[in-house]
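Here is the structure we will look at, set down as structure tokens.
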Amino acid sequence: MAKVLLVNPRQGSRGWGSGRDPLDLDDLLPHHGLAQLGAVLQQEGHEVSLMDLRLLSGWEQVGRQMARAAPQVVCVTARTQEAAGAARCLELAKEAAPQALRLAGGIHFTMRPREALEAGAQRVLQGEGEVSLPAIIADPDSFPAISWGQPPDLDALPFALRELLPGYRRRLLYPIWSLPTPIVDMLTGRGCPWNCRFCCGPGEKNLYTQPAPNDPQKRIPYLRRRSVSHVMAELEELWKRYRFRGVIFHDDQFLMDPAWVSEFCQAMHQAGYPRRGVGWWAACRADMICRHPQIIGDMRNAGLKVISIGFESFSDPLLKWLRKGTTSEINRRAAAVCQDLGLEIYANLILGVPREDGVWRREDDMAGLRAIQEIRPAYFSPSFLSPIPGSRLYDWAMDKGLMLSPDHAQAGSRRPGRVIMAGVDYEELERLLAPVMARYQKFWRPRLRHCAYRLRSWRLARAERAGP
Ligand code: B12
Ligand code: SF4
């Protein structure tokens, strides 16, 4: 059995050390993929540890800790936003732990496996890792430099090993939106069947896998949901360990199959979570909300508190070009359905999007911002379009020469405050956005949340020191 070091190359929202004093979801949560791989490897008898760069203070420390850990296997993951950091980790592993087998995976290396090899990975696994990673560790020579992982049966997997992330129990106390704490996050399935042009959907479809019929290296499932009973069993284990009060269901889209969601809501009642005051967050498309308002009602009765809706735009020509499959009217109706049910809306809007002719139009974004002012969602998450590698919009923007910098660090980050696309007047966008944001950006809110978190973690640490 091997000593395996899993590496999360993400540095966090404010650079080094962000994970020690989180201010953002990106700083706070365990990496689902690594937590899942950790569980499988541990079940196979490997000695697993995690190096999460969000907790470290610089590259020197990364090198030192890798050398000290003396792993036999180093596994580096990457989303596009952290690809440069992942490459650096692979290079450092070569110096600091030259004896270790260096493996790479994750969505970015699934799309661009050669980048990992160039950085020093000896094997790259595209797609899912639960079945094939243990097999590579057992016999690396029987795998080519780049190969596809075989998809696992999600119901047969052990539950994610969240506690690989130091201080996990304390992190659950961080207040997120209006969810009661402690808050856990989890996934109930993999993949999304829609085809939005801006989304890394094609990349994701590959990750969750396809080809086979005549076997180009096998693989197949792509869209899968865990059974309701498997999800409930994980919730039960999390309840026993942490007595959570809030859950974030981090699936791309929670409402894909209404029958599954109905069964899930019934199971939540049977398990008694709504009665115990458990509240949850999930993302649903506007068209699905309009098509299934009664299911949204069931979700509310089963504890749904905050619903994230990817409105993206309230300009019909833009929604059509983005292939969102919705209209501004559908968006408004969906908002009304949710608000009538007393749900809090977490509204996502993408600004700075050029239409098919490559031209950005101020009126498209004006329509969106006006709609937000009318709907008044509880939370508003605007982003400036940054085409993500793996999306159709990225290929189009690159072909048209619209991306001012195809730099990885920028690609994939959609936060306002960056200059990304040619022809977009970002100063004007900031000016349009400012009055809308004024309602949401109360400078004391994050400070208050942070103080509450520190106080709660201090109390927890004191209680833990005092013992049972
Ligand atoms: C949940 C989620 C988040 C959560 C993460 C919460 C958490 N606890 O991890 C939050 C909200 C923080 C988040 C943030 C962002 N996200 Co996000 N997110 C997702 C989502 C919905 C699920 C990710 C996940 O956990 N998947 C399940 C796990 C099991 O899969 P996995 O991590 O890929 O791991 C598997 C394989 O890749 C492989 N594997 C992974 N690593 C390794 C390593 C080795 C060595 C091997 C062998 C195998 C292997 O095995 C694993 C198990 O099968 C995905 C979409 C999706 N469905 O995947 C988007 C997605 C990953 N996010 C995306 C984006 C763009 C972002 C943001 C940039 C958005 C923003 N506005 O800033 C940020 C950046 C985060 C970052 N660090 O880079 C894109 C990434 C596109 C890309 N090219 O990288 C995705 C794909 C959405 C999309 N379709 O566009 N996200
Ligand atoms: S944006 Fe959402 S609905 Fe559209 S393809 Fe991506 S995950 Fe699916």
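The values are calculated or read from the model by the stated rules, or taken from the named source; none is laboratory data. Here the structure is a predicted model, which means the values were calculated and not measured. Positions of Cβ are generated from backbone atoms using ideal geometry, with glycine treated the same way; all protein chains shown enter the neighbour counts. Protein only, heavy atoms only, side chains kept; ligands, DNA and RNA dropped before computing areas. Shrake-Rupley method; radii C 1.70, N 1.55, O 1.52, S 1.80 Å.
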Right, residue 133: open to solvent by 10 Å² or more (accessible area, probe 1.4 Å) and more than 11 Å from ligand 1 (Cβ to nearest atom) or not?
no
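So in region 296-339, with the set limited to residues that are assigned to a loop (DSSP other than H, G, I, E, B) and on the phi < 0 side of the Ramachandran plot, which one is most open to solvent (accessible area, probe 1.4 Å)?
At the first step, the residues of region 296-339 found to be assigned to a loop (DSSP other than H, G, I, E, B) are 302-303, 313-315, 322-327.
Add one more test, that the residue is on the phi < 0 side of the Ramachandran plot, and what stays is 302, 313-315, 322, 324, 326-327.
Details: 302: 0, 313: 5, 314: 13, 315: 8, 322: 2, 324: 16, 326: 15, 327: 50 Å².
Restricting to residues being assigned to a loop (DSSP other than H, G, I, E, B) and on the phi < 0 side of the Ramachandran plot, the top hit is 327.
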Test set (1) part of a helix (DSSP H, G or I); (2) modelled with pLDDT of 95 or more; (3) within 16 Å of ligand 1 (Cβ to nearest atom) - residue 395 fails condition number
(2)
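Just to check your reading of the model, which residue among 123, 171, 162 is within 10 Å of ligand 1 (Cβ to nearest atom), crowded, with 21+ Cβ neighbours inside 10 Å, of a type in the set (D, E, K, R) and under 22 Å from residue 30 (Cα atoms)? Walk me through how you get there before you give the answer.
Numbers: 123 fails: under 22 Å from residue 30 (Cα atoms); 171 fails: within 10 Å of ligand 1 (Cβ to nearest atom).
The conditions single out 162.
Would you mention how many residues in region 429-468 are more than 21 Å from residue 13 (Cβ to Cβ), open to solvent by less than 90 Å² (accessible area, probe 1.4 Å) and not assigned by TED's automatic domain parsing to the domain that holds residue 375?
Residues of region 429-468 that are more than 21 Å from residue 13 (Cβ to Cβ), as a first pass: 429, 431-432, 434-436, 438-439, 455, 458-468.
If we keep only those that are open to solvent by less than 90 Å² (accessible area, probe 1.4 Å) too, we end up with 429, 432, 434-436, 438, 455, 460-461, 463, 466-467.
With the extra rule that they be not assigned by TED's automatic domain parsing to the domain that holds residue 375, the set shrinks to 455, 460-461, 463, 466-467.
Residues that pass the stated criteria total 6.
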Got at least one residue in region 217-225 being within 16 Å of ligand 2 (Cβ to nearest atom), at pLDDT below 95 and part of a loop (DSSP other than H, G, I, E, B)?
yes
Is it the case, given these coordinates, that residue 259 is open to solvent by less than 60 Å² (accessible area, probe 1.4 Å), away from ligand 1 (no atom under 14 Å from the Cβ) and among the hydrophobic types (A, V, I, L, M, F, W, C)?
no
Considering residues that are more than 13 Å from residue 166 (Cβ to Cβ), open to solvent by 10 Å² or more (accessible area, probe 1.4 Å) and not charged (D, E, K, R), the number found within region 52-64 is 5
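Among the residues of region 71-88, are any free of Cβ contacts under 8 Å to residues at least 24 places away in the same chain, of a type in the set (D, E, K, R) and part of a helix (DSSP H, G or I)? Can you show your working first?
Taking region 71-88 as the starting set, the residues that turn out to be free of Cβ contacts under 8 Å to residues at least 24 places away in the same chain are none.
No, region 71-88 has no match at all.
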Could you grab me the full set of residues in region 214-232 that are farther than 18 Å from residue 254 by Cβ, open to solvent by 40 Å² or more (accessible area, probe 1.4 Å), more than 21 Å from the chain's Cα centre (by Cα) and not acidic (Asp, Glu)?
214, 216, 217, 218, 220
Can you tell me which residue among 193, 202 is within 12 Å of ligand 2 (Cβ to nearest atom), assigned to a loop (DSSP other than H, G, I, E, B), in contact (Cβ under 8 Å) with a residue 24 or more places away in the chain and surrounded by fewer than 17 Cβ atoms within 10 Å (Cβ to Cβ)?
193
Go through (1) outside any helix (DSSP H, G or I); (2) modelled with pLDDT of 95 or more; (3) more than 20 Å from the chain's Cα centre (by Cα); (4) of a type outside the set (Lys, Arg) for residue 116 and report which single condition fails.
(1)
Leading residue by the ranking (nearest to ligand 1 (Cβ to nearest atom)) among those in region 262-282 that are aliphatic (A, V, I, L, M) and open to solvent by less than 10 Å² (accessible area, probe 1.4 Å)
282
If residue 347 meets every condition in (1) assigned to a loop (DSSP other than H, G, I, E, B); (2) surrounded by 18 or more Cβ atoms within 10 Å (Cβ to Cβ); (3) among the hydrophobic types (A, V, I, L, M, F, W, C) apart from one, which number is that one?
(1)
In region 298-324, the residues that are farther than 22 Å from residue 185 by Cα and in contact (Cβ under 8 Å) with a residue 40 or more places away in the chain
311, 312, 313, 314, 315, 317, 318, 321, 322, 323, 324
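Of the residues 379, 394, only one is of a type in the set (Ser, Thr, Tyr), more than 21 Å from residue 426 (Cβ to Cβ) and within 24 Å of the chain's Cα centre (by Cα); which? Give the derivation first.
Working: 394 fails: more than 21 Å from residue 426 (Cβ to Cβ).
Step by step, each of 379, 394 is checked, and only 379 is of a type in the set (Ser, Thr, Tyr), more than 21 Å from residue 426 (Cβ to Cβ) and within 24 Å of the chain's Cα centre (by Cα).
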Is it true that some residue in region 38-51 is touching a helix residue (DSSP H, G or I) at 6+ places or on another chain (Cβ under 6 Å), crowded, with 21+ Cβ neighbours inside 10 Å and in a loop (DSSP other than H, G, I, E, B)?
no
Which of the residues that make up region 1-28 are in a loop (DSSP other than H, G, I, E, B) and at pLDDT 95 or above?
2, 9
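Across region 278-295, what is the number of residues that are more than 16 Å from ligand 2 (Cβ to nearest atom) and more than 19 Å from residue 193 (Cβ to Cβ)?
Residues of region 278-295 that are more than 16 Å from ligand 2 (Cβ to nearest atom), as a first pass: 278-280, 293-295.
Next cut, more than 19 Å from residue 193 (Cβ to Cβ) only: 278-280, 293-294.
The total comes to 5.
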